[in-house]
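Below is one structure; the comments refer to it alone.
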Amino acid sequence: METIISPTRPVPVHPGLPFIGNTLEYVRGPLPFLNRLQEQYGQSRAVRIALGGLTTILLLKPEETRYVLQENNRNYGRGRSFAVLRQFLGNGLLTSEGDFWRRQRRLAQPAFHKQKLAILAETMIDEAVAWADRLQQADHKGPVNVTSATIDATLRIVSRTLFGSVLTDGVDNLSNALASLNHLANNTLINPIRLPKWIPTPNQRAFRRATETVDRLIHQIIQTRRASAESHDDLLDMLLRAEDEETSERMSDQQLRDEVVTLFIAGHETTATSLAWTLHLLANHPDVQARAKAEVETVLAERDRPSPEDLRSLTYLMQIIQESLRMYPPAWAMTRLSLGPDQLGDYAIKAGDGILLSPYVLHHDPASWPEPEQFNPDRFLPERVKERHPYAFLPFGGGPRLCIGNQFALMEMQVMLAVLLQRFIIKPTGQPIDAQPLITLRSKQAVTVFLS
Ligand code: HEM
């Protein structure tokens, strides 16, 4: 029976210890902690928790999540964790806000339109085939570390789709510098001790050096591009040419730098993580794998590589990717900060309230997903999708700040999996795998599989 509630009751508080609140419980096992909160407070639809000295409201249901991300999104800013990200991404799409963000999004959006993605698909297919060749040439009798193999492939794909169909030395150096900046930023973000930037710890020094290298190389590439009349089918060219419809303005070098770094960082680790999880799931579900392989063989027929047009027909493969993103959403949590007072469902929200939105929590809610720990791609049959709340599944977020690279990522995953399934049978190594929610939802151990 529905409980009757007063219109402005306070959000229930999950009891914790003095000062540290629920931090210990969280650190002991973040994902079981989140699942327990759903179990305990699901009826209330939200719960207030205290982590690292700050309190935040965790939303537990799709309706409230849609309200914050879409219906009243203007009242919710990026939140606390974005301040750290801003240190290395600058003011790019992921971290900027307000009118500045709106303008940048308008400028960048056309680069991700379907026809533009079809051009980038060719690059993805080339890289996926080269990747599979490398895996085939390597001695793959032993286990293959797909955590590093997928990073390797998505790094090459993001570099080529951003900077050019041919990897020149400059681009190669830039990719390496960006990858090390990403690594150092991860170290900074997961370190609970926040030292001021001027303290020269080895991490801070390496961070500064990597930033300088990235800036120098990106500016060189931008200058060369600006000086040349030649056109290139890559994202950088699309961003360079993008012109604001209202003001005819283009991006400055600094804006381009921030967008390029953002796309590079946001565009490879998430996809690689999700691919590694998908390979783990396929290895452990031979029946699903056999169905996917049969689909790939039928669609590709005698051809030795997929074409961009094939992707539309690989529908079961897409269901597998979606089910993998449901179980292991790489962006497992997002933060927001309330800018003014608001009414969120039954709750009164104050200006300054922190909000935690968690795709992981919503994707494991038994009210939307019966037996949530079971891997079952049939959950994404079109008729089943129609029955669910659209915000029950949100691996790419929602509302105006929906991931700009969502179609890019899905296409990339489909291409890479189709090429692998065509060539190999993926088998499990029996090694246990535990999920570890850092910035992305990674696995504690490297994912390994046998390819035969
Ligand atoms: C499986 C892969 C991916 C996942 C799970 C993912 C997830 C997300 C999520 C959840 C957001 C919203 C964050 C928020 O609202 O707080 C986001 C934003 C964003 N993503 Fe992705 N992403 C993926 C791949 C990509 C790729 C391939 C690119 C670029 C090529 C990309 C670029 C971005 C950018 C620029 C934003 C900020 C958009 C804005 O606020 O306007 N992402 N992503």
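The values are calculated or read from the model by the stated rules, or taken from the named source; none is laboratory data. This one's a predicted model, so the numbers in the text were calculated from it and none came from an experiment. Glycine gets a Cβ as well: all are built from the backbone with ideal geometry, and neighbour counts include every protein chain shown. Ligands, DNA and RNA are excluded from the accessible area calculation, which covers all protein heavy atoms including side chains. Shrake-Rupley method; radii C 1.70, N 1.55, O 1.52, S 1.80 Å.
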Return the residues of region 243-299 that are surrounded by 14 or more Cβ atoms within 10 Å (Cβ to Cβ), aliphatic (A, V, I, L, M) and over 27 Å from LEU93 (Cα atoms); say none if nothing qualifies. LEU279, LEU281, LEU282, ALA283, VAL288, ALA292, VAL296, VAL299
VAL288 passes all but one of the listed conditions (1) of a type in the set (Val, Ile, Thr); (2) in a helix (DSSP H, G or I); (3) within 11 Å of the ligand (Cβ to nearest atom); the exception is number (3)
Restricting the first residue to region 383-398 and requiring it to be within 16 Å of the ligand (Cβ to nearest atom) and modelled with pLDDT of 95 or more, which pairs with a second residue that is in a helix (DSSP H, G or I) and open to solvent by 50 Å² or more (accessible area, probe 1.4 Å) meet a Cβ separation below 6 Å and a spacing of at least six or different chains? TYR391/ARG66; GLY398/GLN70
Does LEU263 satisfy the condition of being among the hydrophobic types (A, V, I, L, M, F, W, C) and at pLDDT below 95? yes
Go through region 382-405 and give me each residue that's farther than 24 Å from LEU58 by Cβ and surrounded by 13 or more Cβ atoms within 10 Å (Cβ to Cβ). VAL385, ILE404, GLY405
How many residues, within region 33-89, are outside any helix (DSSP H, G or I) and open to solvent by 10 Å² or more (accessible area, probe 1.4 Å)? 15
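So how many residues does region 90-116 have that are among the aliphatic types (A, V, I, L, M) and part of a helix (DSSP H, G or I)? Can you show your working first?
In the first step, residues of region 90-116 are kept if they are among the aliphatic types (A, V, I, L, M); the result is 93-94, 107-108, 111.
Filter again for part of a helix (DSSP H, G or I), leaving 107-108, 111.
So the answer is 3.
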For region 226-240, name all the residues that are at pLDDT 85 or above and either open to solvent by less than 30 Å² (accessible area, probe 1.4 Å) or under 17 Å from LEU120 (Cα atoms) (or both). ASP234, LEU235, LEU236, ASP237, MET238, LEU239, LEU240
Condition first: open to solvent by 10 Å² or more (accessible area, probe 1.4 Å) and either among the charged types (D, E, K, R) or not in a helix (DSSP H, G or I) (or both). Now tell me which residues in region 313-329 satisfy that. TYR328
